[in-house]
Amino acid sequence: MRTHTAVVYVKLEHEGFVGWGEAALPPYLPETQKTVTDFLLSFSNSNPFNSIDDWFDKLNLDQTNLSAKAALDMALWNLKSQKENKSIEELLRIEKSDFPLGTYTIGVSSFDEMKTKVEEGTKAGFEIFKVKLNGESDTDIINDFRKLSKKPFAVDVNQGWKTVDEAKGKISFLKDKGCFLVEQPLPKDNLDEMKILKQNSLLPLYADESCQRLIDIDSLKECFDGINVKLMKCGGITEAYQMILKARELGMKVLIGCMSESSVGCTAAAHLSSLADYADLDGPYLISNDPFEGMKIDEGRIQLNPLEQQLEF
Ligand code: MG
């Protein structure tokens, strides 16, 4: 179980307004606090600030350092929203619609740890869970979960199944147990096998590791029913929005997710969440030292609140 995640916060001050961004850096990402701060410093040193839109244009030319880029992109959107006195949804011309249900993530853990997590998620108001599997003790994990909760659940296999036959068998078991979605069942590059699995799957299949950016989506249409869009993977709100539009154009479903960001990153993603089928934005509920408040879960659904700093640092 991970006990901490490195983050970098970005604070942009301009004409009395303050925009916040965040890069969350779990150990499986290539970026570190040093690479993120190096990127931010070199970007700001080499690009004199003329306007928010000018910085967006320059930032969108960059195709590397995606978590750093995401942090700056969301800070720019946060700043632009305040300066123009419009919500980010209004700026993107997102029509008002219902917010989706949010999942509460349960990592691979002992029965007692899972019991604590299920209680925490239920108390926080979540109506659906996302249970992580490991490919080895999947049946035990789900049987344990079912002893603790009757609520619907998604699973994240994290590339843990090896063959189409294994996946088919486990999906059949999961459907019987009340699972509604399977994330990243096979290794990320096994797209030929994914095509076969999609034709035979009893549950919708969502790409996470297989789908990093906008450019990936076309090749995934025959392999997955949906994609998991994360700001840290694609470089921020700007590309995440384009990814959602692209997925919809191809008739695919969308889950908007996170990398255990605090309220800064999850609130940024929540601005796009009314366009998604599900939201996995439980970061603020999984950390104990969130310096901000913002999006919440209300009766199981995303509730979008303005971002507010609670702790100075
Ligand atoms: Mg995942």
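Figures for the structure shown
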quantity	calculated
Options Val164, Val118, Val155, Val182: the member that is under 21 Å from the mean Cα position of the chain (by Cα) and away from the ligand (no atom under 16 Å from the Cβ)	Val118
Single residue of Phe17, Phe43, Phe56 found to be open to solvent by less than 30 Å² (accessible area, probe 1.4 Å) and over 24 Å from the mean Cα position of the chain (by Cα)	Phe43
Met252 being surrounded by fewer than 23 Cβ atoms within 10 Å (Cβ to Cβ), within 16 Å of the ligand (Cβ to nearest atom) and among the hydrophobic types (A, V, I, L, M, F, W, C)	no
Test: residue in region 202-213 that is under 13 Å from the mean Cα position of the chain (by Cα), open to solvent by 60 Å² or more (accessible area, probe 1.4 Å) and either modelled with pLDDT under 95 or not aromatic (Phe, Trp, Tyr) (or both)	yes
Residues that are open to solvent by 10 Å² or more (accessible area, probe 1.4 Å) and either more than 26 Å from Leu174 (Cα to Cα) or more than 14 Å from the ligand (Cβ to nearest atom) (or both), drawn from region 222-232	Glu222, Asp225
Residues (small (Gly, Ala, Ser) and in contact with a Ser or Thr (Cβ under 6 Å, 6 or more places away or on another chain)) located in region 259-299	Ser260, Ser274, Ala279, Gly283, Gly294
The lone exception for Ala71 - which of (1) open to solvent by 70 Å² or more (accessible area, probe 1.4 Å); (2) farther than 19 Å from Ala279 by Cβ; (3) in contact with a strand residue (DSSP E or B) (Cβ under 9 Å, 6 or more places away or on another chain) it fails	(1)
Failed item, numbered, when Ser219 is tested on (1) part of a helix (DSSP H, G or I); (2) within 14 Å of the ligand (Cβ to nearest atom); (3) not β-branched (Val, Ile, Thr)	(2)
Qualifying residue in region 86-106 (condition: among the small types (Gly, Ala, Ser), at pLDDT 95 or above and either in the same structural domain as Ala279 (by TED's automatic domain parsing) or within 16 Å of the ligand (Cβ to nearest atom) (or both))	yes
Lone qualifier among Met243, Met259 - being within 16 Å of the chain's Cα centre (by Cα), at pLDDT below 95 and either open to solvent by less than 10 Å² (accessible area, probe 1.4 Å) or not assigned by TED's automatic domain parsing to the domain that holds Asp57 (or both)	Met259
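The values are calculated or read from the model by the stated rules, or taken from the named source; none is laboratory data. Just so you know, these numbers come straight off a predicted model, no measurement behind them. Note that each Cβ is placed from the backbone with ideal geometry, even for glycine, and that neighbours are counted across all protein chains shown. Heavy atoms of the whole protein, side chains included, go into the accessibility calculation; ligands, DNA and RNA do not. Shrake-Rupley method; radii C 1.70, N 1.55, O 1.52, S 1.80 Å.
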